[in-house]
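Enquirer: Dropping the structure in here first, questions after.
The values are calculated or read from the model by the stated rules, or taken from the named source; none is laboratory data. Quick caveat: nothing in here was measured; it's all calculated off a predicted structure. Cβ sites come from the backbone with ideal geometry, for glycine too, and all protein chains shown count toward neighbours.
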Amino acid sequence: MFVKKLQVHGYRSCLDTTFDLQEDLSVLIGPNSSGKTNILNAMLLLKKLVQEPPLFGHDEATGQCELKAWFDVRGKTAILTATIDINTDEHNNDNIVSSEQSWYAKDLTGDRKRIHVPLYVLKEYMSRRQSLFLGASRRGYQLEVRRLADTSNEALRALSSLAEQIDDMRYYSASQFTNPGNCPVSFEIEQHGQRIRSYRPRGHAKFLVDLYNCHKQPSTRGYERFLDIVGPNGIGLVDGIDFQELQTSSIGYTVRSGGKVIRRSREKILVVPRFHIGNNNLSPNQLSEGTFKTITLLFYLITEASRILLVEEPEVCVHHGLLASIIELIKAYSAEKQIVLTTHSDFVLDAVLPESVYVVENTPEGGTKVSNIKSKMPRKELAALHAFLETEGNLGEYWRAGGLD
């Protein structure tokens with residue numbers, strides 16, 4: 001599954017923005033305020049549509065946009081159209097207040113009639129099939145789900161799988177992991193007999209817990225692949241990573257009716273991650289910004305099963321030698337997942353093919369526009385570009401010289 005095409009109306013600077021996407025790697029370039037981040041956030045709205053429905057009326061909508069997405073589902077096309085009411089909070093985060101969603105999936109169902117089943121209901125079908133019709137009935141979608149199932153159970157399964165994959169979409173902003181000082185030096189998990197229950201942190205702490213959990217599951221080989229790439233046999237960011245585990249315990253008391261006091265003892269494990277670089281054993285908050293950001297990005301790139309990955313400016317805090325390795329890894333993994341990244345770096349363009357590059361522009365009249373450079377350029381100019389790449393230089397140099405402006 002991948003996103004073939006996206007059409008956005010009325011979302012931030014995307015007044016009327018339409019563009020195709022590559023199945024593997026798409027690279028967005030353009031000046032500041034052209035709308036590159038807005039495009040990634042518009043794609044992220046798809047993920048938010050998969051979440052449980054909001055409490056309607058809980059927030060007042062501050063804007064409305066229309067989103068249309070063409071998906072390739074095993075070689076067939078399914079088109080989602082959504083009208084979305086959005087509340088943008090003080091942190092510039094988009095919260096969906098309400099939405100209307102419909103599908104045109106003739107390739108899957110053989111029926112031209114639109115299907116009014118939201119993404120979160122389709123996801124529910126995959127995760128909780130037994131309760132699907134009860135949940136769908138409460139939201140008024142029971143008949144639509146039944147009609148889809150009657151038309152084609154295979155189509156229902158395909159769209160449900162698509163909803164799950166959209167839910168797994170990941171977005172890494174330019175500044176998300178650039179401050180290692182926000183990272184804790186340790187974390188605790190609870191142990192119940194042989195069962196270990198980890199808490200669900202966010203941000204930098206989540207990365208440490210995810211790294212530890214991956215380390216504790218050697219059968220998946222994700223951690224082994226990750227260390228092969230970031231360790232001495234790969235790009236050499238670290239010489240090794242280990243986790244010191246210390247048994248601890250805490251005692252709590254619960255008072256029941258009648259004054260009965262119950263004493264409970266909780267066994268815990270204090271986990272202390274250590275990164276080995278040369279003769280130094282470092283806590284995660286002692287790593288440099290570039291090292292920490294690169295380790296986190298590559299960890300999720302290598303170990304996560306997500307099929308869609310959005311990356312903003314991978315060059316931030318990274319020197320050119322390391323950036324070259326990052327881009328080569330992104331290109332390699334784009335064979336397994338669809339990756340959309342933004343960049344201001346001509347060095348990044350040196351490593352990608354012209355057909356992967358999209359120029360993003362913003363005008364007061366038309367808002368954000370996106371053009372693939374092959375379709376943007378006149379035939380003679382495109383021939384000149386190919387001649388330049390074959391005989392004189394690379395795409396980054398062509399960009400520096402103003403050839404893509």
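Enquirer: Please count how many residues of the stretch 184-206 are touching a helix residue (DSSP H, G or I) at 6+ places or on another chain (Cβ under 9 Å), modelled with pLDDT of 80 or more, farther than 19 Å from residue 318 by Cα and not hydroxyl-bearing (Ser, Thr, Tyr).
Expert: Here the count works out to 6.
Enquirer: Go through 202, 225, 170, 263 for me and flag whichever is more than 22 Å from the chain's Cα centre (by Cα) and basic (Lys, Arg).
Expert: Result: 263 is the single residue among 202, 225, 170, 263 that is more than 22 Å from the chain's Cα centre (by Cα) and basic (Lys, Arg).
Enquirer: Could you give me the residue pairs with C-beta distances under 8 Å whose first residue belongs to the stretch 202-216 and is more than 17 Å from residue 287 (Cβ to Cβ), whose second residue is buried (at least 19 other Cβ atoms within 10 Å of the Cβ) and of a type in the set (Asp, Glu) wherever it lies, and which are 6+ apart or on separate chains?
Expert: Short answer, once both residue conditions are applied: none.
Enquirer: Follow-up question, since we're still on this one. Residue 232 passes all but one of (1) within 30 Å of residue 107 (Cα to Cα); (2) not assigned by TED's automatic domain parsing to the domain that holds residue 40; which number fails?
Expert: (1)
Enquirer: Does residue 140 meet the test of being outside any helix (DSSP H, G or I), modelled with pLDDT under 75 and of a type outside the set (A, V, I, L, M)?
Expert: Considered against the rule, which asks whether it is outside any helix (DSSP H, G or I), modelled with pLDDT under 75 and of a type outside the set (A, V, I, L, M), residue 140 comes out as yes.
Enquirer: Check residue 236 against each of (1) on the phi > 0 side of the Ramachandran plot; (2) exposed (fewer than 12 other Cβ atoms within 10 Å of the Cβ) and name the one condition it does not meet.
Expert: Status for residue 236: all satisfied but (2).
Enquirer: Limited to the stretch 138-167, what total is found for residues that are touching a residue at least 40 places away in the same chain (Cβ under 8 Å), over 19 Å from the mean Cα position of the chain (by Cα) and surrounded by fewer than 18 Cβ atoms within 10 Å (Cβ to Cβ)?
Expert: Selection size over the stretch 138-167: 4.
Enquirer: Still on this structure: Select from the stretch 46-81 the residues that are closer than 16 Å to residue 12 by Cβ and either charged (D, E, K, R) or modelled with pLDDT of 95 or more (or both) and list them in ascending order.
Expert: Correct list: 46, 48, 65, 66, 67.
Enquirer: Considering the stretch 212-243 alone, what residues qualify as being among the polar types (S, T, N, Q) and not in a loop (DSSP other than H, G, I, E, B)?
Expert: Within the stretch 212-243, 213, 219, 220 qualify.
Enquirer: Could you list, in sequence order, the residues of the stretch 308-321 that are surrounded by 17 or more Cβ atoms within 10 Å (Cβ to Cβ) and either of a type outside the set (A, V, I, L, M) or over 22 Å from residue 6 (Cα atoms) (or both)?
Expert: Correct list: 312, 313, 314, 315, 316, 317, 318.
Enquirer: Give the residues of the stretch 334-357 that are in a helix (DSSP H, G or I), among the hydrophobic types (A, V, I, L, M, F, W, C) and at pLDDT 90 or above, sorted by residue number.
Expert: 348
Conditions (1) assigned to a helix (DSSP H, G or I); (2) assigned by TED's automatic domain parsing to the domain that holds residue 188; (3) without any contact (Cβ under 8 Å) to a residue 24 or more places away in the chain, marked per residue:
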residue	(1), (2), (3)
250	no, yes, yes
270	no, yes, no
292	yes, yes, no
306	no, yes, no
317	no, yes, no
326	yes, yes, no
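Enquirer: Just to be sure before I move on: is residue 61 aliphatic (A, V, I, L, M), more than 19 Å from residue 368 (Cα to Cα) and out of contact with any Leu (no Cβ under 6 Å at 6 or more places or on another chain) in the structure I sent?
Expert: For residue 61, the condition - aliphatic (A, V, I, L, M), more than 19 Å from residue 368 (Cα to Cα) and out of contact with any Leu (no Cβ under 6 Å at 6 or more places or on another chain) - is met.
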